[in-house]
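The values are calculated or read from the model by the stated rules, or taken from the named source; none is laboratory data. Note that the structure is a prediction, hence the values are computed from the model and not measured. Here the Cβ positions follow ideal geometry from the backbone for every residue, glycine too, while neighbour counts run over all protein chains shown. Areas reflect the complete protein model, heavy atoms only, side chains present, ligands, DNA and RNA absent. Shrake-Rupley method; radii C 1.70, N 1.55, O 1.52, S 1.80 Å.
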Amino acid sequence: MLERIDHIGIACHDLDATIARYEAVFGVRVASREVIEEQGVREAMLRVADAPGGASWIQLLEPLRPDSPVGKFLARRGEGLHHVGYGVADISAALAELGTRDVRVLDERPRHGSMGASIAFLHPKDLGGVLTELVQAR
Ligand code: V0V
Ligand code: CO
């Protein structure tokens, strides 16, 4: 089911400042910036590498409002690693399969994600404390 690591999501208070840090430290480039209202985030995707299965990304996340997943995470834990996104070939098939397993699927149907992807989340308490995202790239 899991084909590769698509991205890691990092929660931050100041998106522009954090982009500048990553650019300065690693020389990585922003490939995409979006506001994704449904998820309550303003985000940027920074390209890590073009591996054979496709690039992987650092996703920097700033909350649009305090009462959002990233806003609550920042208040509770501060800045840091928020989630891991795994690439899947067919997210609807993956969700159907996971429905028969012992894990809480937070999205019954895929949602709109960054760069035209389809995404769905799995509960961190069922996966070693790590919020887990499935990503079917566009
Ligand atoms: C919360 N908890 C986490 C966590 N967020 N643990 C690990 N990683 C996280 N990111 C823990 C928290 O410490 C609490 O544990 C417990 O879960 C309940 O936390 P809460 O603050 O009361 O939060 P809830 O229950 O209201 O919501 C938590 C969940 C929520 C995970 C259900 O954040 C959610 O639905 N997330 C999925 C959507 C999302 O995160 N979107 C933003 C990324 P203790 O302290 O009680 O032990 S958008 C994105 O990635 C996009 C668009 C993309 O990639 O394209
Ligand atoms: Co993500």
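The value of relative contact order for the chain, using C-alpha pairs under 8 Å at least six residues apart, is 25 percent. Quotient of the Cα radius of gyration of segment 1-97 and 2.2 N^0.38 Å, N being its number of residues: 1.13.
Take each peptide in 94-105, 50-61, count the other Cβ atoms within 10 Å of every residue, and average; sorted highest first, the result is 50-61, 94-105.
Taking the DSSP bridge list for segment 65-138 and keeping only pairs wholly inside it, about 60 percent are antiparallel.
Based solely on its DSSP helices, what 222 nm [θ] is calculated for the chain when runs of n ≥ 4 H residues each add -39,500 (n - 2.57) and the sum is averaged over all residues, nearest 500 deg cm²/dmol?
-6000 deg cm²/dmol
Within the chain, DSSP assigns beta bridges of which about 75% are antiparallel (rounded to the nearest 5).
Here the ratio of the Cα radius of gyration of segment 1-46 to 2.2 N^0.38 Å is 1.27.
Share of the chain's accessible area from carbon and sulfur, percent, 1.4 Å?
Summing carbon and sulfur atoms, their accessible area is 50 percent of the total for the chain.
Converting phi to 3J(HN,Hα) with the Karplus coefficients 6.51, -1.76 and 1.60 and the offset θ = phi - 60°, segment 81-95 yields 5, 9, 7, 10, x, 9, x, 10, 7, 9, 5, 5, 5, 4, 5 Hz in sequence order, with x at every glycine or proline. Across segment 58-138, Cα-Cα distances exceeding 15 Å account for 60% of all pairs.
Ordered from highest to lowest accessible area with the whole protein assembly present and a 1.4 Å probe, Ile5, Ile119 read as Ile5, Ile119. Each part gets one Cα centre, and for segment 87-138 versus segment 23-62 those centres are 19 Å apart.
What segment 27-138 shows is 56 Å² of accessible area per residue, with the surface traced by a 1.4 Å probe over protein heavy atoms.
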